[in-house]
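J.: Below is a structure I'd like to ask you about.
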Amino acid sequence: MEEIEIPKEKLPKHIAFIMDGNGRWAKERNLPRLMGHREGALVVEKISEIAFNWGINYLTFFAFSTENWKRPREEVEGLMKLLDESIDKFKDKLIENKIKLKVIGNIEELPNYLQRRIKYVIEETKTGEDKVLTIALNYGGRWDILQAVKRIALQVRDNKLQIEDINESLFSSFLSTFDLPEPDLLIRTSGEYRISNFLLWQIAYTELWFTPKYWPDFNEEDLKKACLDFAQRKRRFGGLENNA
């Protein structure tokens, strides 16, 4: 594994991934779609190791959306089992490297066995230091915003909050990502140019990077290209550069 030649201060601190193209990758090889998802799970492990090694301390992977329940039952059931296996397999490496696992999304709708696995691995990795691997499961950006709105409304109803207290900072504290920095870079694979209901509030000023490669083909060189591109961008957050 190569070191990256970008100064650490120019690297993104938090990268989010929309891992698209697993099914198409498998179809082009006359394989079952689940084989594409299995290959994709291996890439998550490889890319995580590389990124953490470079000093990128926050990674978020979009593994299963609230809309993915519309897929064929056989595929959904296979995905749930694969997620269970992958989280279990990844556990020892997370503990060894002091990486904390975080899972965001409506976990209560997942199969009981997967809920138990998630809770167990989160507990086992909770002493992780400054590296966080976040998996978005049964997650949608609109769901995240709505659940925050409902929780704030309850606080207002119970006189624990006043309307005047509600601002962007407070609202962010009610999102599932309350303890994460907002993503600096969002990478989407497979040649699609959309956000697909992912981290809608959180990516207001995130840099976007797209590649035609399917997720199972995404590799270290692709990650390096994305980070090099990020390092050259001027992030003004709605303002002007100093010399403008």
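J.: If the Cβ limit is 6 Å and pairs must be 6+ apart or interchain, which residue in segment 192-217 that is charged (D, E, K, R) pairs with which residue that is modelled with pLDDT of 95 or more and outside any loop (DSSP other than H, G, I, E, B)?
T.: GLU207/LEU185; GLU207/PHE230
J.: Being polar (S, T, N, Q), surrounded by fewer than 15 Cβ atoms within 10 Å (Cβ to Cβ) and not in a strand (DSSP E or B): is that true of SER169 here?
T.: yes
J.: Please go through segment 1-17 and pick out each residue that is under 20 Å from THR60 (Cα atoms) and in contact with an Asp or Glu (Cβ under 8 Å, 6 or more places away or on another chain).
T.: PRO12, LYS13, HIS14, ILE15
J.: Moving on to the next point. Can you find a residue that is in contact with a Pro (Cβ under 7 Å, 6 or more places away or on another chain), farther than 18 Å from THR189 by Cβ and at pLDDT 95 or above anywhere in segment 24-42?
T.: There is no residue in segment 24-42 that is in contact with a Pro (Cβ under 7 Å, 6 or more places away or on another chain), farther than 18 Å from THR189 by Cβ and at pLDDT 95 or above.
Okay, residues lined up against (1) farther than 18 Å from PHE17 by Cβ; (2) out of contact with any Asp or Glu (no Cβ under 8 Å at 6 or more places or on another chain):
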{"residue": "ASN57", "(1), (2)": "no, no"}
{"residue": "THR60", "(1), (2)": "no, yes"}
{"residue": "ASN68", "(1), (2)": "no, yes"}
{"residue": "VAL76", "(1), (2)": "yes, yes"}
{"residue": "ILE87", "(1), (2)": "no, yes"}
{"residue": "ASN112", "(1), (2)": "yes, yes"}
{"residue": "ARG116", "(1), (2)": "yes, yes"}
{"residue": "TYR120", "(1), (2)": "yes, yes"}
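J.: Which of the residues belonging to segment 130-161 are touching a helix residue (DSSP H, G or I) at 6+ places or on another chain (Cβ under 7 Å) and not aliphatic (A, V, I, L, M)?
T.: Residues satisfying the conditions are LYS131, ASN138.
J.: Does segment 128-138 contain at least one residue that is within 18 Å of the chain's Cα centre (by Cα) and more than 27 Å from ALA226 (Cβ to Cβ)?
T.: No, segment 128-138 contains no residue that is within 18 Å of the chain's Cα centre (by Cα) and more than 27 Å from ALA226 (Cβ to Cβ).
J.: Here's something else I'd like to know. So if I check each of LEU199, LEU186, which one is within 20 Å of GLY40 (Cβ to Cβ) and part of a loop (DSSP other than H, G, I, E, B)?
T.: Step by step, each of LEU199, LEU186 is checked, and only LEU199 is within 20 Å of GLY40 (Cβ to Cβ) and part of a loop (DSSP other than H, G, I, E, B).
J.: To continue, here is another question. Being touching a Lys or Arg at 6+ places or on another chain (Cβ under 6 Å) and either more than 30 Å from LYS234 (Cβ to Cβ) or assigned to a strand (DSSP E or B) (or both) is the filter here, so list the residues in segment 1-52 that pass it.
T.: Residues satisfying the conditions are ILE18, GLY23, ALA26.
J.: Inside segment 8-23, can you point out the residues that are touching a residue at least 60 places away in the same chain (Cβ under 8 Å) and over 15 Å from PRO183 (Cα atoms)?
T.: MET19, ASP20, GLY21, ASN22
J.: Assess whether LYS70 counts as being more than 22 Å from PHE198 (Cα to Cα) and of a type outside the set (Val, Ile, Thr).
T.: So LYS70 fails the test.
J.: For the structure I just gave you, tell me whether LEU137 is surrounded by 15 or more Cβ atoms within 10 Å (Cβ to Cβ), closer than 30 Å to GLU49 by Cβ, in contact (Cβ under 8 Å) with a residue 60 or more places away in the chain and not basic (Lys, Arg).
T.: So LEU137 fits the description; yes.
J.: Turning to a different aspect of this structure: In segment 55-114, how many are assigned to a loop (DSSP other than H, G, I, E, B) and without any contact (Cβ under 8 Å) to a residue 24 or more places away in the chain?
T.: 2
J.: Another question, then. For segment 50-70, how many residues are closer than 29 Å to LYS27 by Cα and surrounded by fewer than 15 Cβ atoms within 10 Å (Cβ to Cβ)?
T.: Going through segment 50-70 one residue at a time, the tally reaches 3.
J.: Here is a list of conditions, (1) in a loop (DSSP other than H, G, I, E, B); (2) modelled with pLDDT of 95 or more; (3) among the basic types (Lys, Arg), and LYS234 meets all of them except one; can you say which number that is?
T.: With respect to (1) in a loop (DSSP other than H, G, I, E, B); (2) modelled with pLDDT of 95 or more; (3) among the basic types (Lys, Arg), LYS234 is out only on (2).
J.: Take LYS27 and decide whether it is more than 19 Å from LEU180 (Cα to Cα), free of Cβ contacts under 8 Å to residues at least 12 places away in the same chain and surrounded by fewer than 17 Cβ atoms within 10 Å (Cβ to Cβ).
T.: yes
The values are calculated or read from the model by the stated rules, or taken from the named source; none is laboratory data. All figures in this text were calculated on a predicted structure; none of them were measured in a lab. Ideal geometry is used to build each Cβ from the backbone, glycine not excepted, and the neighbour counts take in all protein chains shown.
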